[in-house]
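To start, the structure itself, in structure tokens.
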Amino acid sequence: MSLRTLFSGLLLACAFSAQAATEIIPLNYRTSSDLLPVAQNFLGQDGKVSAYQNQLIVNAEPGKINELRDFLGQLDKPAKRLLISVDTSENNDQGAQGYSINGQGQTRIISRSTDSRDGGIQQVQASEGTPALIQVGQSVPLTSSTGQLDAYGRPQTQTQYRNVTQGFYVTASVTGNVVHLAISTNRDRMSQERQDVVNVQSTDTTVSGPLGQWITLAGVNGQSQADRQALTRSYSTSSRNDMTLRVKVDTLD
């Protein structure tokens, strides 16, 4: 055998060993649609990946396939089960105080106060990285005037149904002992002053914080005060409406 023939054979053997191979990588926990773009980005121009059921079909050099298999093994793990709690607390304080003088030596002291609390905790279980939605409420009829009169000269009204709900939509992921949240919340309530008005509160934010601890998302402080004074009378009123929104994520695994 000539040296030239031997050299050609070695080149052919090297070329054959460097040829791409096709292998199937089964997935145990993550879906193929989740990991397909990750695998393709990992290979780049060095191979191709396609998905079939819960498997990835890889066409690349054997060494590259082994690297991809090891990389996917770090990602193909069970998703954490999470318990997500959202706490909406609202305090309403109203007070009135003063005095009035009626006639000779007649003084009346006025002092009134009310304190009410509203809100509560909503909870939902979700897998890490999977969106979760919880929403409760009811459809409420709202009657309003059309601005027109009927045949008898009476104002015409119309009734429309409005969904009055409260809840949240959230996606959570965990890195070590830190949770990352993309969360939207809403809290609708019927107005105490007008029956045709719905008070709306909403929050949309992305936040990170420690696992198992409350994370404050929003807070609203409202305060009003009025004073009325005359020669023989003094009267003042005050009201306060505070709202706090916070979230906590616990692992269930």
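The values are calculated or read from the model by the stated rules, or taken from the named source; none is laboratory data. Here the structure is a predicted model, which is why all the values come from computation and not from measurement. All Cβ positions, glycine included, derive from the backbone under ideal geometry; neighbour counts span all protein chains shown.
Does any residue in segment 178-194 that is loosely packed, with under 14 Cβ neighbours inside 10 Å come within less than 6 Å, Cβ to Cβ, of a residue that is at pLDDT below 85 six or more places away or on a different chain, and which pairs are these?
Cβ pairs passing all conditions: 191/197; 191/199.
Need at least 1 residues that are closer than 30 Å to residue 79 by Cβ and at pLDDT below 80 per element, so show me which strands (runs of 3 or more DSSP E) inside segment 139-253 make the cut, counting only ones lying wholly within it.
215-229
If you take the residues in segment 198-220 that are without any contact (Cβ under 8 Å) to a residue 24 or more places away in the chain and closer than 29 Å to residue 143 by Cα, which one is surrounded by the most Cβ atoms within 10 Å (Cβ to Cβ)?
199
Could you tell me which residue of segment 168-199 is farthest from the chain's Cα centre (by Cα), considering only residues that are of a type in the set (Ser, Thr, Tyr) and closer than 17 Å to residue 253 by Cβ?
Per the criteria, the residue is 175.
Any idea which residue in segment 125-134 is surrounded by the fewest Cβ atoms within 10 Å (Cβ to Cβ), counting only those that are assigned to a strand (DSSP E or B) and either of a type in the set (Val, Ile, Thr) or free of Cβ contacts under 8 Å to residues at least 40 places away in the same chain (or both)?
By that ranking, first place goes to 133.
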